[in-house]
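Notes follow the structure.
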Amino acid sequence: MNNDYDIIVVGAGPAGSTAARYAAAGGAKVLILEKDRDVGYPVRCGEAVSHEGIVQFITPDPKWIASTVTKFRLVAPNGKSVLPKLDGTGYVLERRIFDYELAKLAANEGAEVITKAYVYDLLRENGKIVGVKTLIKDKKTEIRAAVIIAADGVESRIGKMAGIDTTCHIRDMESCAQMTLSGIDVEEDVLEFYLGDSISPGGYLWVFPKGKHTANVGLGLSVEAAKKKSAIKYLQEFVDRKYPNAAMLTQIAGGVPCAKTNPEIVKGNVIIVGDAAHQVNPVSGGGIISGMIGGMIGGQTAAESILSGDINHLQEYEKRWHKRLGWRHEIFYNIKDAIAGFHDDTLNDICNSALTIPEEKRTLGGIFRTALWNKPSMILDVAKVFVS
Amino acid sequence: MAQPHLMIHIVPGKCDYCGCCVGVCPEDAIELMESKIAIIEERCTNCRKCVWACPWEVIEFHREGIAHLPTQIPQLVNDPTA
């Protein structure tokens, strides 16, 4: 029986839409299945990205940029803060518009999109995966394809259905809560990060501006730490203290796999990309750009496999990913491990030492060097990042 | 190995469907749709990782089992049929 499509992409987030875009541009017939009613909604994200990351894929457009940021503020547990410059410019996005644009880019290359289409199983024939079983508006439908790209986010069940263990260790999963608050005063060009055991143990709290009077205020803490107290409790305490009169425009929960790339991201004719593959910067928890890079490499490789008729070529995806970004994430993971061991005293010390650095030299690198004094074992790992 | 008595309870109507619990579940024992979530009883080992992971405290652990707990979203406050 003929395939309905060459490639089915499960999930229309940034990784899925980018995979579909590059797969379709590479000559494949592509279908995206999105379980929710809308592409881009609900938003489960702090929404910050770097300029240099985003321009690889799309020209910045004011309609999906809420704020342009040039500085970040680190607030130590004792309340003291440093305000270094970012190495470049950053943006706080309007993801519900941004994700939509990425899906349109995929559609422009010829990819089809169906929303409210939930994939509940893989379709098998003689033990081989030949497509997906999906519920489209509650109607069971089987769709056949040669390659499945799983971009199904943190839950990552498609990979598991294909026999890839995508379970994230509770030490590495960040349990997150976020509120979009309005009627508050924020600095439009500053990303704020609050650190400390009483704020968000093993993680951080962020205040990302969306204009002068609105911000995404959220936090993530490792599930290991969340055993004692949940993300929403930590967030509510902070908001009650800092923004007691704010209007709450949205509140969301979320999970971020701050791990190394999943040990396996290709199996037979199934590949996984984005959060599903743990393609997240383990230090920052940022996954938009890295997920899009994973999606691009996955989509390109899948299209090459289709055109050459060689499914084994999909293995190249894993190699290309590790060469491009996976190796960096391994190093970042070690750095995260070291930072997670910092408690309030160390963080206060780092902030105090950073304040002794002349302001014009107060960059992330400078603060990092200061941090190294406190944790010399990090030097080797950091050196690898900056030497590359 | 699945245990005979399920001790994990997802409080009806409270979930945000974010998937954090599914991501840490080692048994793939949670089914998550756009706005539906359920424990797959035959797979669940009551390991509690989902309980710890949930950012909103939607998932509870009940050692005595969950048979006595509500599975439906509470009725409308002003139920017109009541």
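The values are calculated or read from the model by the stated rules, or taken from the named source; none is laboratory data. Keep in mind it's a predicted model, so treat the numbers as computed, not measured. For neighbour counting, all protein chains shown are included, and Cβ atoms are generated from backbone atoms with ideal geometry for every residue, glycine included. What goes into the accessible areas is simple: the full protein's heavy atoms, side chains included, and nothing from ligands, DNA or RNA. Shrake-Rupley method; radii C 1.70, N 1.55, O 1.52, S 1.80 Å.
Ordering A:Phe193, A:Phe238 by accessible surface, largest first, gives A:Phe193, A:Phe238; the 1.4 Å probe counts only protein heavy atoms, with every chain in place. Contact-buried residues of the range A:157-202, at a threshold of 10 Å² lost accessible area versus the chain by itself: A:Arg157, A:Lys160, A:Thr167, A:Cys168, A:Ile170, A:Met173, A:Ser175 (1.4 Å probe; DNA, RNA and ligands ignored).
The contact residues of the range B:10-44, meaning those that lose at least 50 Å² of 1.4 Å-probe accessible area when all protein chains sit together rather than their chain alone, are B:Asp16, B:Cys18, B:Cys20, B:Gly23, B:Val24, B:Asp28, B:Leu32, B:Met33, B:Glu34.
A helix-only calculation puts chain A at -9500 deg cm²/dmol for mean residue ellipticity at 222 nm, using -39500 (n - 2.57) for each DSSP H run of at least four residues, averaged over all residues. With a Förster radius of 56 Å applied to the C-beta separation of A:Asp38 and B:His5, the computed FRET efficiency comes to 0.90.
Once you keep just the Cα pairs under 8 angstrom separated by 6 or more residues, what percentage relative contact order results for the range B:8-61? Numbers along the way, then the final one.
Numbers: 78 pairs, mean separation 24.0, N = 54.
Normalised by residue count, the contact order of the range B:8-61 is 44 percent.
Ranked by solvent-accessible area (1.4 Å probe, protein heavy atoms only, all chains present), the residues A:Met248, B:Met7, A:Met173 order from largest to smallest as A:Met248, B:Met7, A:Met173.
Ellipsoid semi-axes for the range B:8-61, based on the Cα gyration tensor and the rule √(5λ), read 15, 12, 10 Å when sorted largest first.
Across chain A, Cα pairs under 8 Å and at least six residues apart give a relative contact order of 21 percent. The length gained on full extension between A:Arg124 and A:Lys137, counted as 0.36 nm times the residue separation minus their Cα-Cα distance, comes to 2.5 nm.
Seen against the Cα atoms of chain A and their longest principal axis, helix A:14-25 is set at about 40 degrees. FRET efficiency for the A:Arg324 to B:Asn78 pair, using the beta carbon distance and R₀ = 60 Å, is estimated at 0.60. Taking the square roots of five times each eigenvalue of the Cα gyration tensor of the range A:1-93, the equivalent ellipsoid has semi-axes of 37, 15, 11 Å, listed largest first. Note on A:Lys260: accessible area approximately 80 square angstrom, rounded to 10, probe 1.4 Å, nucleic acids and ligands left out. Between the helical axis of A:288-308 and the longest alpha-carbon principal axis of chain A there is an angle of about 20 degrees.
Can you give me the % of accessible surface on the range B:8-61 that is carbon or sulfur? Probe 1.4 Å, all protein chains present, nothing else counted. Display every interim value, and only then the final one.
Details: 970 of 2070 Å².
Looking at the range B:8-61 in its full context, I get 47 percent from C and S.
Report the percentage of all Cα-Cα pairs in the range A:67-169 whose separation exceeds 15 Å, rounded to a whole percent. Counting every Cα pair in the range A:67-169, those more than 15 Å apart make up 76 percent.
Remark: the range A:141-153, residue by residue, has Karplus-estimated 3J(HN,Hα) of 9, 9, 10, 9, 7, 7, 10, 10, 10, 8, 10, 8, x Hz, where x stands for each Gly or Pro and the curve is 6.51 cos²θ - 1.76 cosθ + 1.60 at θ = phi - 60°.
Ignoring any ligand, DNA or RNA, what whole percent of the accessible area of the range A:126-194 comes from carbon and sulfur when the probe is 1.4 angstrom? Kindly include the intermediate steps, with their values, before the conclusion.
On the way: 1210 of 2590 Å².
It is 47 percent, rounded to a whole number.
Using the heavy atoms of the protein chains and a 1.4 angstrom probe, tell me the accessible area per residue for the range B:8-61 in square angstrom. Mind showing how you got there, number by number?
Working: 2070 Å² over 54 residues.
Normalised by residue count, the accessible surface of the range B:8-61 is 38 Å².
Using a cutoff of 8 angstrom between alpha carbon atoms and counting only pairs six or more residues apart, the relative contact order for the range A:1-146 works out to 31 percent. Angle of helix A:95-108 to the longest C-alpha principal axis of chain A, folded into 0 to 90 degrees and rounded to 10: 30°. Rounded to the nearest Å, what's the spacing between the alpha carbon centres of the range A:175-241 and the range A:66-97? Just the number, please. So the separation of the two Cα centres works out to 13 Å.
Under a Gaussian network description of chain A, with springs only between Cα atoms under 10 Å, the residue in A:Tyr333, A:Tyr120, A:Tyr194 that fluctuates furthest is A:Tyr120. With both labels modelled 7 Å from their Cα along Cα-to-Cβ, the A:His51 to A:Glu264 distance reads 4.3 nm. Surface burial for B against A, with a 1.4 Å probe and both sides summed, reaches about 2400 Å² of accessible area. Once both labels are positioned 7 Å from their Cα atoms along Cα-to-Cβ, the gap between B:Ala38 and A:Lys63 label points is 4.1 nm. A:Cys351 sits with roughly 10 Å² accessible to a 1.4 Å probe, with DNA, RNA and ligands left out of the calculation. Averaging over all projection directions, the Cα-based convex hull of the range B:32-80 occupies 5.2 nm² in the image plane. Going by the alpha-carbon gyration tensor, a ≥ b ≥ c the square roots of its eigenvalues, is the protein assembly as shown rounded (a/c under 1.5) or, if a/c is not under 1.5, prolate (a/b greater than b/c) versus oblate? Here the protein assembly as shown falls in the oblate category.
Residues A:Asp349, A:Asp6, A:Asp87, A:Asp99, ordered by accessible area of protein heavy atoms at a 1.4 angstrom probe radius and largest first, appear as A:Asp87, A:Asp349, A:Asp6, A:Asp99.
Relative to the present Cα-Cα distance, how much length would full extension add between A:Ser81 and A:Asp240 at 0.36 nm per residue of separation? Write out the running numbers ahead of the final one.
Details: separation 159, 0.36 × 159 = 57.24 nm, distance 2.05 nm.
Gain on stretching A:Ser81 to A:Asp240: 55.2 nm.
Rolling a 1.4 angstrom probe over the protein heavy atoms with all chains in place gives the range A:65-106 an accessible area of 42 Å² per residue.
For a test of the definition: using alpha carbon positions, the gyration tensor, and the 1.5 limit on a/c, classify the range A:218-275 as rounded, prolate or oblate. Note, shape of the range A:218-275 comes out prolate.
This model, with +1 at the C-beta of Lys and Arg and -1 at the C-beta of Asp and Glu, gives the protein assembly as shown a dipole about its Cα centre of some 300 debye. Cross-link check: pairs A:Lys140/A:Lys319; A:Lys139/A:Lys160; A:Lys29/A:Lys140; A:Lys160/A:Lys227; A:Lys137/A:Lys160 evaluated at a Cα-Cα cut-off of 27 Å; pairs beyond the cut-off: A:Lys140/A:Lys319. Evaluated on the range A:175-270, the Kirkwood hydrodynamic radius is 14.4 Å, with distances taken between all distinct Cα atoms.
Any chance you could run the full-extension gain for A:Asn312 through A:Asn3? It's 0.36 nm times the residue separation minus the Cα-Cα distance, nm to one decimal. Present the calculation step by step, with values, prior to reporting the outcome.
Details: separation 309, 0.36 × 309 = 111.24 nm, distance 1.84 nm.
Here the answer is 109.4 nm.
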